Amino acid sequence: MLPVAVTGPYAQAQPISPVAVAPAAEATPANKKTPQVPGRRLQLKVTGERLDTGANISVRGITGRARSVRQTVVVRRAARLKNLAPGRYKIRARTIRTDGFEARPTPKRFVAKVGRKRGAYVRIRYSACNQANVRFNKILVPSCGVLWGAVANAFASRPGWPEQGPDSHRRFEKVFGRTFGLYSYYFSAAKDNPFPRETDIDLLRERNHDRVMLAHWKVADGLTFADVTEGKA
């Protein structure tokens, strides 16, 4: 089944297959320079998307006296846990789910060492744009970012450029250096052309390029939408 986005005055938008977007998640390696934290403290820093409701992060001690510590904190930007027993702590960040969308943490699990003289700093980034994690709601709003589209040379007004269609769309993508997920094509029913054409289907199924077809419609010249509802067109 081909993924198709449908628009028009009486059209019902249908859910379509997920479009993969390059990952935006960012981990903080342990060898990166981090702020100095005083002893017996754990500082949590949260960045990224969909943090309005806060991120649920659990902290559990796993060595020595730290084993008595079990806490869950809601972090919107930053939080600092004080007077912790020295030892190792397992930090687990939960996925944020709001409005039917998800934002996933990186790293999801982390072990931090809290000492008597030096504490620990952990940064967690939330992203709704992880690979294979992008979803569309019923009106085709993506869970993150922008769904880019193009009608490339629709009226053959650009000399030396293929007229609208798959070849023109690919050339448009090459010029901009990215895939345009919405492929638009002006189709005239009066010409009795098959729709979609085999070349359109091939474009949508092209490997490593996630695209959907945007099917939208308008009335013919000289008619109105009222004419359409009355069966005149």
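The values are calculated or read from the model by the stated rules, or taken from the named source; none is laboratory data. None of the values given here were measured: they were computed from a predicted structure. Backbone-built Cβ (ideal geometry, glycine too); neighbour counts: all protein chains shown.
This table checks each residue for (1) modelled with pLDDT of 95 or more; (2) loosely packed, with under 12 Cβ neighbours inside 10 Å; (3) closer than 14 Å to Ala120 by Cα.
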{"site": "Lys33", "(1), (2), (3)": "no, yes, yes"}
{"site": "Asp52", "(1), (2), (3)": "no, yes, no"}
{"site": "Ala55", "(1), (2), (3)": "no, no, no"}
{"site": "Val59", "(1), (2), (3)": "yes, no, yes"}
{"site": "Ala85", "(1), (2), (3)": "yes, no, yes"}
{"site": "Ile91", "(1), (2), (3)": "yes, no, yes"}
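With touching a strand residue (DSSP E or B) at 6+ places or on another chain (Cβ under 6 Å) and surrounded by fewer than 18 Cβ atoms within 10 Å (Cβ to Cβ) as the only criterion, which of Arg70, Arg76 stands out? Walk me through it before giving the result.
Values: Arg76 fails: touching a strand residue (DSSP E or B) at 6+ places or on another chain (Cβ under 6 Å).
From the options Arg70, Arg76, the qualifying one is Arg70.
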Enumeration of residues in region 115-131 that are closer than 20 Å to Ile57 by Cα and either modelled with pLDDT of 80 or more or not hydrophobic (A, V, I, L, M, F, W, C) (or both): Gly119, Ala120, Tyr121, Val122, Arg123, Ile124, Arg125, Tyr126, Ser127, Asn130
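One residue is enough: does region 164-172 have a residue meeting the conditions touching a strand residue (DSSP E or B) at 6+ places or on another chain (Cβ under 6 Å), under 30 Å from Gly48 (Cβ atoms), at pLDDT 80 or above and not in a loop (DSSP other than H, G, I, E, B)?
If we filter region 164-172 for residues that are touching a strand residue (DSSP E or B) at 6+ places or on another chain (Cβ under 6 Å), which is where we start, we get 169, 172.
Add one more test, that the residue is under 30 Å from Gly48 (Cβ atoms), and what stays is none.
Among the residues of region 164-172, not one is touching a strand residue (DSSP E or B) at 6+ places or on another chain (Cβ under 6 Å), under 30 Å from Gly48 (Cβ atoms), at pLDDT 80 or above and not in a loop (DSSP other than H, G, I, E, B), which makes the answer no.
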Residue ID - surrounded by the fewest Cβ atoms within 10 Å (Cβ to Cβ), chosen from residues in region 132-145 that are modelled with pLDDT of 70 or more and of a type in the set (A, V, I, L, M): Ile139
